[in-house]
Amino acid sequence: MSSAISTDVLIVGAGIAGLWLNARLRRLGYSTVLVENASLGGGQSLKSQAIIHGGAKYALHGALTGASEAIADMPRRWREALAGTGEVDLGGVRVLSQAHYLWSPGTLAGNLTSFFASKAVRGRVDQVKGNDLPPALQDKGFKGKVYRLAELVVDTPGVIERLAQLGGDGLLAGERLEPLQENGQLVGLRVDGRDIRAQRVVLSAGAGTADLLASLGIDQPAMQRRPLHMILAKGASLKPLYAHCLGGGTKPRITVTTHPCADGQWVWYLGGDIAEADGVARTPAEQIATAQKELGQLLPWINLSQVQWATLRVDRAEPAQSGLVRPDNAFLAEQGALLVGWPTKLALAPDFADRVIASLERDHIKPGSHDPLPALPRPPLGQTPWEQLLP
Ligand SMILES: Cc1cc2nc3c(=O)[nH]c(=O)nc-3n(C[C@H](O)[C@H](O)[C@H](O)COP(=O)(O)OP(=O)(O)OC[C@H]3O[C@@H](n4cnc5c(N)ncnc54)[C@H](O)[C@@H]3O)c2cc1C
């Protein structure tokens, strides 16, 4: 029987939300244990397109209501973390692109002209031309317009690995979780038979949170899954591109990000509207054919003949949509010693941590004194979809 542990905050789920929160709490002097039942980042986080949104995309459909939305401040907070001067030290982690772009393939529709003039967007978007265009769009055949957003794209494997380092000795590979209760109150969890007592338990288990809540006999907050069918393309002819291609509707027609592979090649990772409802209904072969047709129309100068293709089905896990959920903030619900939430976006991990810390401070939960942790079995680092599907 493993020895019992006591800690200040026990976190379940080591995606971006759990790992960022864990690093921040440790920096504030709290002792923490972070339990993961699969791999670090291997849920949604390493499958994301890693765009640190500032909200410009959401302004397209009027969801961004102003400066009160937490998302507007996320690029600054990530940039400071990446520079080693922020709330967590991500110094040394690679930034894949210092900007994300909006690209309109033809002339801008009227509603988009007003979008670019709108208050939400002013100061955050600049038009770029010529040599300033993303490399993949630098072709005489390119006729569209391109706007540079003050948003960045990060290398998620580097982020996850660095946050795991900052997690020190507190990362625990654990599969079987049971509630630990005293007088009807939650006082921790039993993980694979080992009692872990904590002042607060935070569930940040992404798509696993609904099952975890059910196993604790709790039905709130409700979770929803949003399925996606992403496309991956790998080949020497694909130059870096980080852009939302506008299709005239409220959602980008296609969103392209570019990620490095271990063999030195790059992968284009395609999401946006193409990966949503109609894309989910397509078979992988149909989805690849659709992507080939889209890219052939949008970027006809790019040679796709030697490109390898794959698709990935993945669900986004979020709080069930209701009037209470704001789209551009992390979500946290509290029930006594149990805190449950979803960042809703990789970019919003700092906001998720803010909400947990605000709850601890409000309840006067201070760093306690605890015995040093015993050596714990450590979860492995997760793999990116391109490492798995296009090695
Ligand atoms: C295709 C795609 C593209 C995206 N692109 C972007 C983007 O460009 N920008 C952006 O900001 N956001 C993006 N997102 C959203 C973003 O990825 C997620 O909001 C974010 O990664 C969620 O982080 P998380 O830590 O809550 O969840 P996850 O990363 O899913 O982590 C949850 C962890 O909990 C673990 N777990 C589950 N159950 C248990 C259990 N019972 N016990 C222990 N551990 C458990 C899982 O194994 C996993 O490691 C994208 C999402 C997808 C799917």
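The values are calculated or read from the model by the stated rules, or taken from the named source; none is laboratory data. What you see is a predicted model; the values in this text were computed from it and never measured. Cβ sites come from the backbone with ideal geometry, for glycine too, and all protein chains shown count toward neighbours.
Observations on the model:
- When restricted to residues that are among the basic types (Lys, Arg) and within 14 Å of the ligand (Cβ to nearest atom), region 213-239 contains 2.
- Neighbours by Cβ (under 6 Å, 6+ apart or cross-chain): first from region 202-214, under 17 Å from residue 9 (Cβ atoms); second near the ligand (Cβ under 6 Å from one of its atoms) and modelled with pLDDT under 95: none
- Entirely in region 256-345, the strands (runs of 3 or more DSSP E) that have 1 or more residues that are among the charged types (D, E, K, R) and surrounded by fewer than 21 Cβ atoms within 10 Å (Cβ to Cβ): 308-319, 331-335
Quick grid of which residues meet (1) more than 8 Å from the ligand (Cβ to nearest atom); (2) at positive phi; (3) among the small types (Gly, Ala, Ser):
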position	(1), (2), (3)
176	yes, no, no
179	yes, no, no
182	yes, no, no
188	yes, yes, yes
193	yes, yes, yes
200	yes, no, no
204	no, no, yes
207	no, no, yes
211	no, no, no
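- When residue 369 is tested against the conditions (1) of a type outside the set (Val, Ile, Thr); (2) in contact with a strand residue (DSSP E or B) (Cβ under 8 Å, 6 or more places away or on another chain); (3) under 18 Å from residue 10 (Cβ atoms); (4) free of Cβ contacts under 8 Å to residues at least 40 places away in the same chain, the lone failure is (2).
- Cβ-Cβ under 7 Å pairs, at least 6 apart or on other chains, region 43-63 side more than 14 Å from residue 151 (Cα to Cα) and at pLDDT 95 or above, far side assigned to a strand (DSSP E or B) and among the charged types (D, E, K, R): 44/316
- The selection criterion, being more than 14 Å from the ligand (Cβ to nearest atom) and modelled with pLDDT under 70, does not hold for residue 131.
- Top-ranked residue in region 346-391 [being among the β-branched types (Val, Ile, Thr) and assigned to a loop (DSSP other than H, G, I, E, B); ranked as farthest from the ligand (Cβ to nearest atom)]: 365
- Applying the set (1) touching a residue at least 12 places away in the same chain (Cβ under 8 Å); (2) out of contact with any Gly (no Cβ under 8 Å at 6 or more places or on another chain); (3) more than 29 Å from residue 356 (Cα to Cα) to residue 264 leaves exactly one unmet item: (1).
- Checked against (1) in a strand (DSSP E or B); (2) basic (Lys, Arg); (3) at pLDDT 95 or above, residue 162 passes all but a single condition, namely (1).
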